[in-house]
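Contents: one structure, followed by commentary.
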């Protein structure tokens, strides 16, 4: 069997197992990406979540010495929710980004790639593979771009002709020298809507992201959120869709091909106040199957507090006072104090002053002072 024929069989099998797009790329060094990553590192634009060294992230042979090609896959996820619940003044809601709707995509794509790997090994026991989905060393986007899945847009997402940028990506390095596919032509043109719309200016320019300013990154951090971003989070609990929502290439793109990717409305748009009271077990039972749960409940609860402050939700005051006084986590106590100051009112002011008398953590005390300053301005 020729490699061309085997490639066609792999393509046909990928359709049978529910892969929406598949492409093939060489395992050559990603030279352009390597230089870009060096610049990103020198500017301090990396998130810190990246795995591996720059060399490991751009030289496939470091990950699989026998590497000859890389198979890239894409699976499309929904951009719209059926029966989406609406928040009200009495019951404010937060939102998880679309990439966290449904079952954790890492598991979904890994399962498909493992089936592809087994398919190849059944054809030839000498086949070697290495699978990655998002958390591996290689850049899913760089591989997908080279493999012709789509082009890399100014919003730093892979944009496909069929599904826009609403796709999950994964790849498999192999020792089979598959004929490579051709990259898709970049068609962003002069459009820079996403750059202009980014809430924090994280898109420094088209195709260049300062991950440290990206809301998708910020919502996953566990420390106090820097002051300049607290008013930008809105009601986002995990991730951010702004640069995808405004993209003209995504207009009208909404596919529902995989039942496991369909959102549970009450989980992806949850009521905010009940989130404050979740135990670890309750959090895992409710959100554990979603990719947005990977950092645990602390960032989600901190973001829920910030969302309540965003709405200036006075019905949350009692719960926030309780968190400020009783929660063992300084980040939560301090953020609750800041939120009380943002919401305002005599009760909030008295509670902050009283709590400050017994607080021992200096960072929390600093947040309490910020809360009192906000009260003075209100």
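The values are calculated or read from the model by the stated rules, or taken from the named source; none is laboratory data. Because the structure is predicted, anything quoted here is derived from the model rather than measured. Backbone-built Cβ (ideal geometry, glycine too); neighbour counts: all protein chains shown.
For the criterion of being at pLDDT 95 or above and part of a strand (DSSP E or B), residue 130 passes. Of the residues making up the stretch 215-227, those that are in contact (Cβ under 8 Å) with a residue 40 or more places away in the chain and either closer than 28 Å to residue 19 by Cα or within 18 Å of the chain's Cα centre (by Cα) (or both) are 216, 217, 219, 220, 221, 222, 223, 225. When 353, 370, 342 are checked against the criterion of being touching a helix residue (DSSP H, G or I) at 6+ places or on another chain (Cβ under 9 Å), crowded, with 20+ Cβ neighbours inside 10 Å and at negative phi, a single residue qualifies: 342.
For (1) touching a residue at least 24 places away in the same chain (Cβ under 8 Å); (2) within 21 Å of residue 215 (Cβ to Cβ); (3) part of a helix (DSSP H, G or I), each residue gets a yes or a no:
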residue	(1), (2), (3)
229	yes, yes, yes
244	yes, yes, yes
263	yes, yes, no
277	yes, no, no
281	no, no, yes
284	no, no, yes
299	yes, yes, yes
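Scanning the stretch 172-217 for residues that are part of a loop (DSSP other than H, G, I, E, B) and exposed (fewer than 14 other Cβ atoms within 10 Å of the Cβ) turns up 177, 179, 182, 185, 187, 189, 190, 201.
Tell me the helices (runs of 4 or more DSSP H) entirely within the stretch 1-104 that contain at least 3 residues that are surrounded by 21 or more Cβ atoms within 10 Å (Cβ to Cβ) and touching a residue at least 60 places away in the same chain (Cβ under 8 Å). Even if it seems obvious, please write down each step before you answer.
On the way: elements: 3-16, 31-43, 54-58.
Answer list for the stretch 1-104: none.
Do we have residue 322 as free of Cβ contacts under 8 Å to residues at least 24 places away in the same chain, assigned to a helix (DSSP H, G or I) and under 35 Å from the mean Cα position of the chain (by Cα) here? First the steps, then the outcome.
Numbers: free of Cβ contacts under 8 Å to residues at least 24 places away in the same chain: yes; assigned to a helix (DSSP H, G or I): yes; under 35 Å from the mean Cα position of the chain (by Cα): yes.
Yes: the conditions hold for residue 322.
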